[in-house]
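Asks: The structure's right below; bear with me while I get my questions together.
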Amino acid sequence: MTLRLAAASLLAALSVPAVAQTAPTIDAARLTETVRTLASDQFQGRAPGTIGEERTIGYLIGRLQALGLEPAGADGGWTQPVPLLHTRLGTATTLAFDRKGAATPLTFGTDIYVSTLQPKDQAVVDNAPLVFVGYGVTAPERGWDDFKGQDLKGKVAVFLINDPDFVAARGEDRFGKFGGRTMTYYGRWTYKFEEAARRGAIAALIVHDTEGVGYGWNVVKSGGGENYGLVVPPEKVTSLALQGWISGETATTLFANAGQDLAKLRIAARRKDFKPVNLGTSFNAAIPVTQAVVQSQNVLARIPGAKRPDEVVMYGAHWDAYGEGAPDEAGRIYRAGANDDALGVAGLFEIARGFKAAPPPDRSIVFAFWTAEERGLLGSEAYAQNPIFPVEKTVANFGLDILQTAGKAKDVVLVGKGQGSLEDDLARVAATQGRTVSVESLPERGLFYRADHFSMAKRGVPVLLMMGIAGASDLVDGGKPAGQAWVDAYTGKCYHQACDAWSPDWNLDGAVQDISLFYTIGDELARSARWPDWKAGSEFKAIRDQSAAARK
């Protein structure tokens, strides 16, 4: 073995980062040009299954071809098909709780909000018993089981939102067992619905709590009875005819009529010995459903690795937004997601341009442009269920989803502290920019579980997310107060609204910093034999460990 090879082997063994190529200049003008194009009326808000999608897919492929990337989709093409089930509820003929023959009618959108992911023309729940299951968590690795053998087949599961220790005090059974104020996946509403379906429930209802979920009832009901899901074979269709929420006020009344005190049960649900409570009340619903299959697509491209092309470093952003809606005060009808996530797409183009200008990487670089993120991370989930590149050989996934547009920052905001070793890389590379790492300011909102990288995390792939709304950046001009003002203005007014549009007031210097960070970390991995990992205590470590032999 030569001295050079011996040194290289030693560096790999010590997990010392390879010397990366000099980071390219990320061009704010090119970012702006891409965003202005994708957020223009020509693309009609980029909703899946529309003319806007057709134009978006064509644009993405054209840009990738111009950059000199190779197609990395299904069957050697640029795209991966993602068939989506689209449902919309009509006006309910029956919607009520019933106790001992006395019906309590429910007003859709006021008392209750539900939707369906069953491909049926009618959503029916017939006199199904309501069972309160507390936080509805089954976590053997943490020694907790809220169900205690409760049979939910044909019943309606009623959940609390967030984790069992979200408001637990020191000394309680669950204090610190689920991350405290930092939400785990067990706290997400998606987990609650999945767990109810695994247990054969016919419906699932979550008690709304603004503090616990991180947004008000107005956000819950904004879907208007519409839902999207992946098309699945009949045997995999969810058991839930309806899934959704009941308002806090409605829940309090429901429990009181059943002779229960919801406030006391919230406390009981934080204890080890909690057992499900049959509320002695049934749920009845009959709602017509309009359903259709929408054909959508992910777009994938790659730069092949020169030495280990089967090992993949992946970058992702979602191309979709919310399409057409009611006019806002400025008369805009398209909710085009200029920041969410046309700016992320623009960032991927810049990263790809940098890699193409550098010597070929050892590992392959894949660029994924996901569909239907706004419908529940569906494009990335479709890929994760049927990956084109094996997840056990996917080195890492880097997600760009909303970047701050208020200028340079003295820090970078970390989403998901304590999850993986990539956060150590983030801190190290940020230091070379003269920046520090700040932790997301509202970890109880579970942003780590609310972007496309999470689909890969669930399969054990180490991930890192850049999301500008995760916390107040310490801006060079104005510090954290100015950073918080930007977050408040964006989330309070323009998030998922028509005013998420490009503005000449944007200062993309901070976005350039963040995109450069991700380029450098990915470049190091692409030119080394290093495998990032999950940290002890992460719920994803055991999943990754199962495929360790594939990476030796």
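The values are calculated or read from the model by the stated rules, or taken from the named source; none is laboratory data. The structure displayed is predicted, hence computed values, not measured ones. Ideal geometry is used to build each Cβ from the backbone, glycine not excepted, and the neighbour counts take in all protein chains shown. To get the accessible areas, we keep the full protein, side chains included, count just its heavy atoms, and leave off ligands, DNA and RNA. Shrake-Rupley method; radii C 1.70, N 1.55, O 1.52, S 1.80 Å.
Asks: Scan segment 287-322 for residues that are in a strand (DSSP E or B), over 13 Å from residue 72 (Cβ atoms) and in contact with a Phe, Trp or Tyr (Cβ under 7 Å, 6 or more places away or on another chain) and report the count.
Replies: Here the count works out to 2.
Asks: Go through segment 420-440 residue by residue and tally those that are open to solvent by less than 20 Å² (accessible area, probe 1.4 Å) and either without any contact (Cβ under 8 Å) to a residue 40 or more places away in the chain or in contact with a Ser or Thr (Cβ under 8 Å, 6 or more places away or on another chain) (or both).
Replies: Total satisfying the criteria: 4.
Asks: I would also like to ask the following. Is it fair to say residue 542 is part of a helix (DSSP H, G or I), modelled with pLDDT under 95 and surrounded by fewer than 21 Cβ atoms within 10 Å (Cβ to Cβ)?
Replies: Numbers: part of a helix (DSSP H, G or I): yes; modelled with pLDDT under 95: yes; surrounded by fewer than 21 Cβ atoms within 10 Å (Cβ to Cβ): yes.
Criteria met by residue 542.
Asks: What number of residues within segment 281-322 satisfy the criterion of being basic (Lys, Arg) and either at positive phi or modelled with pLDDT under 95 (or both)?
Replies: Qualifying residue count for the region: 0.
Asks: I would also like to ask the following. Return the only residue of 443, 360 being touching a strand residue (DSSP E or B) at 6+ places or on another chain (Cβ under 8 Å) and open to solvent by 10 Å² or more (accessible area, probe 1.4 Å).
Replies: The unique qualifying residue is 360.
Asks: All but one of (1) surrounded by fewer than 23 Cβ atoms within 10 Å (Cβ to Cβ); (2) over 28 Å from residue 475 (Cα atoms) hold for residue 408; state the number of the condition that does not hold.
Replies: (2)
Asks: While we're looking at this one, here's another question. Checking residue 76 against (1) more than 30 Å from residue 256 (Cβ to Cβ); (2) among the small types (Gly, Ala, Ser); (3) open to solvent by less than 10 Å² (accessible area, probe 1.4 Å), which test does it fail?
Replies: With respect to (1) more than 30 Å from residue 256 (Cβ to Cβ); (2) among the small types (Gly, Ala, Ser); (3) open to solvent by less than 10 Å² (accessible area, probe 1.4 Å), residue 76 is out only on (3).
Asks: Out of 119, 140, report the one residue that is free of Cβ contacts under 8 Å to residues at least 12 places away in the same chain and not polar (S, T, N, Q).
Replies: Exactly one residue qualifies, and that residue is 140.
Asks: Another question, then. Does segment 482-498 include one or more residues that are in contact (Cβ under 8 Å) with a residue 40 or more places away in the chain, in contact with a Lys or Arg (Cβ under 8 Å, 6 or more places away or on another chain) and open to solvent by 50 Å² or more (accessible area, probe 1.4 Å)?
Replies: Yes, because at least one residue in segment 482-498 is in contact (Cβ under 8 Å) with a residue 40 or more places away in the chain, in contact with a Lys or Arg (Cβ under 8 Å, 6 or more places away or on another chain) and open to solvent by 50 Å² or more (accessible area, probe 1.4 Å).
Asks: Conditions first: (1) hydroxyl-bearing (Ser, Thr, Tyr); (2) more than 14 Å from residue 193 (Cβ to Cβ); (3) part of a loop (DSSP other than H, G, I, E, B). Residue 253 passes all but one, so which condition is the exception?
Replies: Single failed check for residue 253: (3).
Asks: Hey, can you tell me all the residues within segment 176-231 that are at pLDDT 95 or above and β-branched (Val, Ile, Thr)?
Replies: Of everything in segment 176-231, those that are at pLDDT 95 or above and β-branched (Val, Ile, Thr) turn out to be 202, 206, 207, 231.
Asks: Filter segment 82-93 for residues that are crowded, with 16+ Cβ neighbours inside 10 Å and part of a strand (DSSP E or B) and give the result.
Replies: Answer for segment 82-93, where residues must be crowded, with 16+ Cβ neighbours inside 10 Å and part of a strand (DSSP E or B): 82, 84, 85, 86, 87, 88, 89.
Residues are listed down the side, and each one gets a yes or a no for (1) in contact with a strand residue (DSSP E or B) (Cβ under 6 Å, 6 or more places away or on another chain); (2) assigned to a loop (DSSP other than H, G, I, E, B); (3) open to solvent by less than 40 Å² (accessible area, probe 1.4 Å):
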{"position": "98", "(1), (2), (3)": "yes, no, yes"}
{"position": "103", "(1), (2), (3)": "yes, no, no"}
{"position": "119", "(1), (2), (3)": "yes, yes, no"}
{"position": "148", "(1), (2), (3)": "no, yes, no"}
{"position": "158", "(1), (2), (3)": "yes, no, yes"}
{"position": "163", "(1), (2), (3)": "no, yes, yes"}
{"position": "175", "(1), (2), (3)": "no, yes, no"}
{"position": "182", "(1), (2), (3)": "no, yes, no"}
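Asks: Is it true that some residue in segment 56-68 is among the hydrophobic types (A, V, I, L, M, F, W, C), open to solvent by 10 Å² or more (accessible area, probe 1.4 Å), in contact (Cβ under 8 Å) with a residue 12 or more places away in the chain and closer than 18 Å to residue 292 by Cα?
Replies: No: segment 56-68 contains no residue that is among the hydrophobic types (A, V, I, L, M, F, W, C), open to solvent by 10 Å² or more (accessible area, probe 1.4 Å), in contact (Cβ under 8 Å) with a residue 12 or more places away in the chain and closer than 18 Å to residue 292 by Cα.
Asks: Sticking with this one: At positive phi, touching a residue at least 60 places away in the same chain (Cβ under 8 Å) and surrounded by fewer than 19 Cβ atoms within 10 Å (Cβ to Cβ), is that true of residue 223?
Replies: No, not satisfied.
Asks: Still on this structure, please answer the following. Out of (1) surrounded by fewer than 16 Cβ atoms within 10 Å (Cβ to Cβ); (2) touching a residue at least 24 places away in the same chain (Cβ under 8 Å); (3) more than 30 Å from residue 58 (Cβ to Cβ); (4) under 24 Å from the mean Cα position of the chain (by Cα), what's the single condition that is false for residue 242?
Replies: Going through (1) surrounded by fewer than 16 Cβ atoms within 10 Å (Cβ to Cβ); (2) touching a residue at least 24 places away in the same chain (Cβ under 8 Å); (3) more than 30 Å from residue 58 (Cβ to Cβ); (4) under 24 Å from the mean Cα position of the chain (by Cα) one by one, residue 242 breaks only (1).
Asks: Let me ask you something else. In segment 339-373, which residues are in a strand (DSSP E or B) and among the hydrophobic types (A, V, I, L, M, F, W, C)?
Replies: Of everything in segment 339-373, those that are in a strand (DSSP E or B) and among the hydrophobic types (A, V, I, L, M, F, W, C) turn out to be 365, 366, 367, 368, 369, 370.
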